[in-house]
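*Asks:* Handing you this structure, nothing more for now.
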């Protein structure tokens, strides 16, 4: 992935291929008839400077109005969770820089995003306990919870997201659950 990232950035000839791949994926999605809620990418590739530039250039034509700006606030995460320090620090720095670069582009185009995303630094470890600690400490404004719930590989994340304790805390904290298109 790192090698591909460098190639996307330094090999201008790949921009044409990237643009066509992004457009093909959007066309495939539009063929479902569903509304485009927001743009994001596998392994957060949508934050790559070349991809952000392409999305910005074609956003009006492609109907891009919402974007996942994957910035998980490190200092809050450091207070709430433990372990995997090298992963958490490196990802906080990398995604902090990518978001710092992408945010002005998105704002200039009026593309909406949440103020923060929580769960990226957990790397598949979004648990009920993490959510119970996080929810009362959410910053003012809108945030996204980043998780990969599944019945197989990440059943603990599915259990955390559907936990009665978490649901009750969401109600107690008066947290409104919304979609990107509601921003």
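*Asks:* Regarding residue 69, is this residue in a helix (DSSP H, G or I), touching a strand residue (DSSP E or B) at 6+ places or on another chain (Cβ under 9 Å), in contact (Cβ under 8 Å) with a residue 40 or more places away in the chain and closer than 27 Å to residue 119 by Cβ?
*Replies:* No: the conditions fail for residue 69.
*Asks:* Can you report the number of residues in segment 112-124 which are in contact with a helix residue (DSSP H, G or I) (Cβ under 8 Å, 6 or more places away or on another chain), surrounded by fewer than 20 Cβ atoms within 10 Å (Cβ to Cβ) and assigned to a loop (DSSP other than H, G, I, E, B)?
*Replies:* Residues flagged as in contact with a helix residue (DSSP H, G or I) (Cβ under 8 Å, 6 or more places away or on another chain), surrounded by fewer than 20 Cβ atoms within 10 Å (Cβ to Cβ) and assigned to a loop (DSSP other than H, G, I, E, B) within segment 112-124 amount to 2.
*Asks:* Only one of 103, 61 is modelled with pLDDT of 95 or more and surrounded by fewer than 20 Cβ atoms within 10 Å (Cβ to Cβ); which?
*Replies:* Sole residue among the options that is modelled with pLDDT of 95 or more and surrounded by fewer than 20 Cβ atoms within 10 Å (Cβ to Cβ): 103.
*Asks:* Tally the residues that are assigned to a loop (DSSP other than H, G, I, E, B) and surrounded by 14 or more Cβ atoms within 10 Å (Cβ to Cβ), restricting the search to segment 150-174.
*Replies:* Qualifying residue count, segment 150-174: 2.
*Asks:* Follow-up. For segment 15-47, what are the residues that are in contact with a helix residue (DSSP H, G or I) (Cβ under 8 Å, 6 or more places away or on another chain) and outside any helix (DSSP H, G or I)?
*Replies:* Selection gives 35, 36, 37, 38, 39, 40, 41.
*Asks:* With respect to the numbered conditions (1) touching a helix residue (DSSP H, G or I) at 6+ places or on another chain (Cβ under 8 Å); (2) more than 20 Å from residue 79 (Cβ to Cβ); (3) surrounded by 12 or more Cβ atoms within 10 Å (Cβ to Cβ), which one is the sole condition not fulfilled by residue 142?
*Replies:* (1)
*Asks:* Name the one entry in 3, 15, 7, 19 that is modelled with pLDDT under 90 and under 17 Å from residue 55 (Cα atoms). Show your work before the answer.
*Replies:* On the way: 3 fails: under 17 Å from residue 55 (Cα atoms); 7 fails: under 17 Å from residue 55 (Cα atoms); 19 fails: modelled with pLDDT under 90.
Result: 15 is the single residue among 3, 15, 7, 19 that is modelled with pLDDT under 90 and under 17 Å from residue 55 (Cα atoms).
*Asks:* Checking the structure you have, find out if any residue of segment 57-75 is farther than 26 Å from residue 24 by Cβ and more than 14 Å from the chain's Cα centre (by Cα).
*Replies:* Yes: one or more hits.
*Asks:* From the list 98, 106, which one is in contact (Cβ under 8 Å) with a residue 12 or more places away in the chain, within 23 Å of residue 144 (Cβ to Cβ), touching a strand residue (DSSP E or B) at 6+ places or on another chain (Cβ under 6 Å) and assigned to a helix (DSSP H, G or I)?
*Replies:* 106
*Asks:* May I ask you to verify whether residue 46 is farther than 23 Å from residue 12 by Cβ and touching a strand residue (DSSP E or B) at 6+ places or on another chain (Cβ under 9 Å)?
*Replies:* no
The values are calculated or read from the model by the stated rules, or taken from the named source; none is laboratory data. Model, not experiment: these values are computed from the prediction. Backbone-built Cβ (ideal geometry, glycine too); neighbour counts: all protein chains shown.
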